[in-house]
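*Asks:* My questions will all concern the structure given below.
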Amino acid sequence: MSTEYFQKIAETNVWGAIAPELALGILALALLAMEVILPKVAHGLIPRLAILGQLIILGVMLTAGSSGLGYTGEAFGGMLSFSETGQLFRAFFLGTSIFVSYLGMVSLEKKTLPQVEYFHILLVITGALMLLAQANHFVMLFVALETATVGFYILVSYFRDKAVSLEAGLKYLIMGALSSSILLFGIVLLYGAGSNMALAGGSADPLNFGNLQNFLAANPSDMLGLLGMLLVISGIAFKIGVFPFQIWIPDVYQGAPIPTTALLAIASKGAGFAMLLNLTTVFSPLSEWLYPLLSVLAALTILFGNFAALTQRNVKRLIGLSGVSHAGFLLIGVIAAEKVDWATNAILFYLFAYLLASAAVFSVLAHLGKEDDSELTLDDLGDLAKRNGFLGLALAVGIGSLAGIPPLAGFIGKLLIFVAAFKAELYGLLGVAVIGVVVSIYYYFGIIKAAFFEVWRYQDEDEETPEEPVPGESLQLLGKLAILVAVVGTIVLGFYQSPLGSWLAG
Amino acid sequence: MNDFASLVQLSIAVPIIAAFLTLYVGKWGRPAVQIVSVTGFALPAIFALFLWGFYDPAIAGDYAFVSKMDTGLSIIGVSLHLGLNGIGLPLFVMASVVGLAAGLFAAQSKAENLPRYLFCLLIMQGGLMGVFASIDLFFFYFFHELALIPTFIMVGIWGGRDRNYAAMKMTIYLTLGAMLSLVGLIAIYVKSGADSFDLITLKAHLAEAPLAESVQDYAFGLLLFGFGILVSLWPLHTWAPLGYGAAPSSAAMLHAGVLKKFGLYGLIQVAVPLLPDGLKQWESWIVWLALGNILIIGLITMAQRDLKQMIGYSSVMHMGYAFLGIAAMSVLGVGGVVFMMVAHGLTVALLFMLSTMIHHRTQTFEMDEMGGLSKKAPVLSAFFVCAMMASIALPGPGLANFWAELSIFIAIYQFKSWLIYAAVAGIVISAIYGLRAIANVFFGEESEEFVESQKEFAVSDMTWAERVPALILIIVMFFIGFFPKTVTESLNDSLAKEAVYAQTEQ
């Protein structure tokens, strides 16, 4: 590397453009400092301050404009590239993080574990994911991804007094390391191929997305390039939970604490799609290989996710497997984006709808979860509507939106993906998607049935049944507000998308 | 003619607003809930009758009372475009009248958790009013789903025997039907190239450049089977008798009376005019399946011992005539179908309501265990005899169903003369089960079971609270029976404007 290279990097450093990530990092450190400084009685404040800080960052970011805080194009020597899509992914990750912080407050209150570290690591992961969505270079992509993944290892096994949580952590560690190494191997192959100066389009910095795309365009049948693409896509497929790389999902989702499960379900999936959307552009010269591959994966993912979820009674495993099928629907969007421009926006809409719906569902689960939330089954949802109507409503709206029932946001997301898929002439995938939706109704309906419909239970009249604690009794204003945002957002986005209309149009 | 457009909007909005108010006033006791909910049902009925009076086909153009609003999905050519034409108006009025009767009946019922029950029913009513007033195909579908979802919940929570199984089966069947028709609608949207879900725009566009025959073929197939499941086309009907048997009476009234007509309405208003070649391709399918409805289901109806199941099956059977009328593709046949949809909606709703009243008195739905009720409840028996006579289309002035079936039969005869024999066989079948039901329930000796149950439950005649909703239905039924012109004039006018129907007129 010549000095010119570093000079170029130094010249293109625009620190202002990554202010949100920097602010998150500072906030994360501040939380640790506060734990030392503040008296023990005030420690309960720290999670609230974390949420407040994130809300401020999100607010500033949203008011600052829709494209990279006023910066567009590449920066940091081509490491990052700012775009409107990237900005929306930033907001997506930050929004997820705020909900997860709230869930963390609810779940950790029932525990005697250290609390502040959880929020610290959460903020670091969020910052990393935000950078990941804007990565324009494989080095940046890998470093950001690993920062997030290492954080995930800790958060999955956070309940260190619980064997299931540790087991899940170990499984995630092994699977995560495997997927990271596959991804890295793919990146190395691409580096090897692209740095070959003897070939047209070879460059000294082949890991830059633009350079790599040029190289692949010049050598579309390069064997190393193809293999590299295959491995990189496989590595990402692990993160999204695409068939056949979904094996870790049920176990890890079940064992992880509920906030972490939510983070995995929403943010990890979102991150995968952020990467995938960027990389489909990079790999566009190889589209005759890429899109058939993705199509097969999408069909298998939808079918597997839905059929595997049919017999699940453990709620967290069920949500995990339903998430697998959602990944399949989103993949259809990615494939459609090849021919239909606004499909990218449809994916983002779907992700935001998924975020809101999942937030509602996981909030309810966090309140229902007892000491051990890994064994939460459908029976535990019994008569939820009677025990706490507010949580019942939140669950119904969340599940309804996940199932894609109008007039909820999830339906609009599915509709946009369907229209995009039809425009892109993906008839086969559309057929699979319809089967998937119909099958999914069965298990989503099972959740609703468990929570709302009365089930006959054996009851001895002489015997007093023990009073069951009312879930969510401790629901405070903040909690109600968080759930309300998710529920109202889901309903409103279902029939009135005007604020997003012009954005959707691209 | 757009002066009263806001009344159309209000007819949709009022029930939905009233639904939420009903939940809110729940704490003020039963009378408050009843007043709010009945207002929510009565206002749309008043508006609809008023609009009916003001509709003038001479100056209506294509649609009257038109309003248009952008909700943010302009990217896929969707806007909230409301209006009524001669086909939609009678159904719109019928929906409001049946809704009022169902609402009055529900408001004085002993349903547990009355505010939530009325909430579901009012949301359903809002959706129903929207279905027949939508010019935009997306909202046409959207309002249908809005009305459909509460049905599942009502069956599952307030249903009778087998409610869990029935709710699940209905949900899966109807979701499949809805998904198929959604894909069919998307197919029309994408393939037409009009870039709009607006029916008027689509019609104009397709009149210029009709779709290729192969496209019409599969799009019509999707719509036929999608709508067919929703209308209980044989052999996809199995959800209907089961669901109606389990559904609480008001939900069964609204679903069998009104919501089920969505599919037929969709075929008449959307599928056939937009895809005329598609209908010709599928013509023989429709004819044979419709014969299955009339003859096979007719025989099954005769074998029923359960009164509510019998009414459910008879409503499935009548859909066969509707499909035959549509296949005839003439103003006479299709006009007869629309007229029958109105008349059948009123009578089947009345029958479901009366059968519940019978159940209150005999504590059973088994017809073998009934008998001699007319001595104890002469008014009830008069209503029931009247409704059953209308339902089996006994010739006689004032029975609207007779006019409807008569014109369908003439159209069938012009279309394929041999079909008339099957249709006449159907008439005989329905006369047998109808008259036998009347005889079993009301006349003859009191059965042993009935005598037994009278010892515990004193049997009285219809109260005024029961008479009012029944009277509303019967008065409207007789009105259109004596003055069919009030419906057919504008209906013929709108149908004659559709080239498809007009050109086959003999």
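*Asks:* At 27 angstrom or more along the helix axis (alpha-carbon based) and mean Kyte-Doolittle of 1.6 or higher, what helices does chain B contain? Whole DSSP H runs only.
*Replies:* Span-like helices here: B:5-24, B:88-107, B:137-158, B:419-442.
*Asks:* Here's a follow-up. Which of B:L495, B:H360, B:L471 sits closest to the plus end of the dipole of segment B:5-503, meaning its Cα is farthest towards the positive end, when Lys and Arg get +1 and Asp and Glu get -1 on the C-beta?
*Replies:* Going by the Cα projections, it comes out as B:H360.
*Asks:* Calculate, for B:Y24 and A:L62, the FRET efficiency according to 1/(1 + (r/R0)^6) with r their C-beta to C-beta distance and R0 41 Å; round to the nearest 0.05.
*Replies:* Step by step, r from the Cβ atoms, then E = 0.80.
*Asks:* Relative contact order of chain A: what whole-number percent is it, with Cα pairs under 8 angstrom and at least 6 residues apart?
*Replies:* 13
*Asks:* Here is a follow-up. From the Cα gyration tensor of segment B:388-506, with a ≥ b ≥ c the square roots of its eigenvalues, which class applies: rounded if a/c is under 1.5, or else prolate if a/b is larger than b/c, or else oblate?
*Replies:* Oblate is the answer for segment B:388-506, as a/c is 1.5 or above yet b/c matches or exceeds a/b.
*Asks:* Packing-wise, with mean Cβ within 10 Å as the measure, how do B:84-92, A:79-87 rank, highest first?
*Replies:* Highest mean packing first, the order is B:84-92, A:79-87.
*Asks:* Still on this structure, please answer the following. Calculate the dipole size of segment B:5-503 relative to its Cα centre from +1 charges on Lys and Arg beta carbons and -1 charges on Asp and Glu beta carbons; express the result in debye to the nearest 20.
*Replies:* It comes to approximately 600 debye.
*Asks:* When you look at the Cβ of every residue in B:171-180, what mean number of other chain Cβ atoms sits within 10 Å?
*Replies:* 5
*Asks:* Take the alpha carbon atoms of segment A:223-287, find their center, do the same for segment A:337-364, and report the distance between the two centers in whole angstrom.
*Replies:* 16
*Asks:* With each run of n ≥ 4 DSSP H residues scored as -39500 (n - 2.57), what mean residue ellipticity at 222 nm is computed for chain A after dividing by its residue count and rounding to the nearest 500 deg cm²/dmol?
*Replies:* After summing the helix terms and dividing by the residues of chain A, the value is -23500 deg cm²/dmol.
*Asks:* What's the longest uninterrupted piece of chain B once you rule out the trypsin sites (Lys or Arg not before Pro) that are loop residues per DSSP with at most 16 other Cβ within 10 Å?
*Replies:* Maximal segment without exposed cleavage sites: B:162-304.
*Asks:* Can you tell me, using C-alpha contacts under 8 Å and at least 6 residues apart, the relative contact order of segment B:5-503 as a whole percent?
*Replies:* Relative contact order, segment B:5-503: 16 percent.
*Asks:* Take every Cα pair under 8 Å in segment A:153-244 that's 6+ residues apart, average their separations, divide by the length, and report that relative contact order as a whole percent.
*Replies:* Once normalised by length, the contact order is 28 percent.
*Asks:* A follow-up question, please. As an exercise, use a Förster radius of 30 Å and the Cβ-Cβ distance of B:E445 and B:I420 to find the FRET efficiency, rounded to the nearest 0.05.
*Replies:* 0.15
*Asks:* For chain B, what does the helix formula give at 222 nm: sum of -39500 (n - 2.57) over DSSP H segments with n ≥ 4, over the residue count, nearest 500 deg cm²/dmol?
*Replies:* Computed ellipticity for chain B at 222 nm equals -24000 deg cm²/dmol.
*Asks:* What distance in nm separates the two pseudo spin-label positions at A:A19 and A:E109, each 7 Å out from Cα along the beta-carbon direction?
*Replies:* Going by the 7 Å Cα→Cβ label model, 3.4 nm.
*Asks:* Calculate the length of the line joining the C-alpha centroid of segment B:226-275 to that of segment B:462-501, in whole Å.
*Replies:* Here the answer is 19 Å between Cα centres.
*Asks:* What FRET efficiency do you get for A:F185 and A:V150 if R0 is 22 Å and r is their Cβ-Cβ distance, rounded to the nearest 0.05?
*Replies:* Calculated value: 0.70.
*Asks:* Next up: Under the rule that an exposed site lies in a DSSP loop and has at most 15 other Cβ atoms within 10 Å, name the longest stretch of chain A with no trypsin sites (Lys or Arg not before Pro) of that kind, not counting the sites themselves.
*Replies:* Longest run free of exposed loop sites: A:161-312.
*Asks:* Which lysines, on any chain, are close to B:K376 with Cα under 17 Å apart, when same-chain ones fewer than 8 places away are left out?
*Replies:* Once the sequence-local lysines are set aside, what remains near B:K376 is B:K455.
*Asks:* Let me ask something else. Could you give the dipole magnitude of the protein assembly as shown about its Cα centre, charging the beta-carbon of Lys and Arg +1 and that of Asp and Glu -1, in debye to the nearest 20?
*Replies:* In total the dipole reaches around 480 debye.
Bear in mind that the values in this text are calculations on the coordinates, not laboratory data. Everything numeric in this text was worked out from a predicted model, so none of it was measured. Reconstructed Cβ throughout: ideal geometry from the backbone, glycine too, with neighbour counts over all protein chains shown.
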